[in-house]
Amino acid sequence: MKPPVFKYHDPHTLEDALGLMATLENARPLAGGQSLMAMINMRFAFPDHLVDLNRIPELAGVVDSSSSLHIGAMTRQRDLEFSPVVTQKLPLMAEALRHVGHRQTRNRGTIGGSLCQLDPSAELVTVSAAYDAVVEIASTRGRREIDFGDFPLGYMMPNVEPDELVVGVRYTPWPEGHGASFVELARRHGDFAIVSAAAMLLLDSSGKISRASLTLGGVNSAPIRMRQAEQWLIGQVPSPPTLGEAAEACRDVDPMDDAFVSADYRRQVAVVMMRRALGSAAERARAAHEAQ
């Protein structure tokens, strides 16, 4: 299927790209194109202008500082998958990336494109919610930062103005020795998740949980942080009954229906996925604790 007519723009600097976004009517930025081009071909999107970001080197790369990891919006998912610093500092992301599409799509797909597409089933969207990431946004009017919890405005609606571009994402790594796990259920390998679950647990010197992050993806219009379950886990020994009780909190979510999966099925799967993620995260946290 051929796309509708649009004008193509090929800026080589961020300044030029922001200028185009500020002056062109009905313009869309083109990152990896893995979602946008399919939407254009299927007549789900009708941009009059495409602003290609692929020739702007300053938008790609991973910068490791003492307190955070900054990832440029145009960094390819494949580069993140094989990045030693991502594997070391963001193990949850490293594990989730193996579920993102296939090698061919990860070769082109970018982290910024995935977050702006904001499909609630997308793995990097769920991971960003789990890490409380900060999204960096730029326009000709200046720059701003937004906590990822405030980034989704609705279903596939990021908090980005028409003249703005997401330029990077900042993640704060958890301390060494924590346990992280990402699991999902999909119809086929490479499909978007029906339900995904991300869990991170940190143990104190006595082996009790001192910090927890529990996130569900694919359940509703945006990832769901299980904040009450996280707080309940603090001070608990990560035993199977305790982790199972925390996972049962997922029965209280209000899932969405779609053409393939009912809300009730999603609710049941959410409990199972979270139980698995918590079990694996706890096992890894215990192993790290015993090795110290």
Scan 184, 145 and give me the residue that is crowded, with 22+ Cβ neighbours inside 10 Å, of a type in the set (D, E, K, R) and on the phi < 0 side of the Ramachandran plot. 184
Restricting attention to segment 232-258, and to residues there that are farther than 16 Å from residue 275 by Cα and in contact (Cβ under 8 Å) with a residue 12 or more places away in the chain, which single residue is least open to solvent (accessible area, probe 1.4 Å)? 255
In segment 203-229, what residues are farther than 12 Å from residue 121 by Cα and open to solvent by 30 Å² or more (accessible area, probe 1.4 Å)? 204, 205, 206, 208, 210, 211, 225, 227, 228
Odd one out for residue 35 among (1) out of contact with any Asp or Glu (no Cβ under 9 Å at 6 or more places or on another chain); (2) surrounded by 14 or more Cβ atoms within 10 Å (Cβ to Cβ); (3) of a type in the set (S, T, N, Q): (1)
Expected single match for of a type outside the set (Asp, Glu), out of contact with any helix residue (DSSP H, G or I) (no Cβ under 7 Å at 6 or more places or on another chain), open to solvent by less than 30 Å² (accessible area, probe 1.4 Å) and assigned to a helix (DSSP H, G or I) among 276, 284, 266 is 266
Filtering segment 68-113 down to residues that are under 22 Å from residue 187 (Cα atoms) and among the small types (Gly, Ala, Ser) yields 94, 96, 101, 109
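The values are calculated or read from the model by the stated rules, or taken from the named source; none is laboratory data. As the structure is a computational prediction, the values presented were derived from the model and not from experiment. With ideal geometry, Cβ positions are generated from the backbone for all residues, glycine too; neighbour counts draw on all protein chains shown. Areas reflect the complete protein model, heavy atoms only, side chains present, ligands, DNA and RNA absent. Shrake-Rupley method; radii C 1.70, N 1.55, O 1.52, S 1.80 Å.
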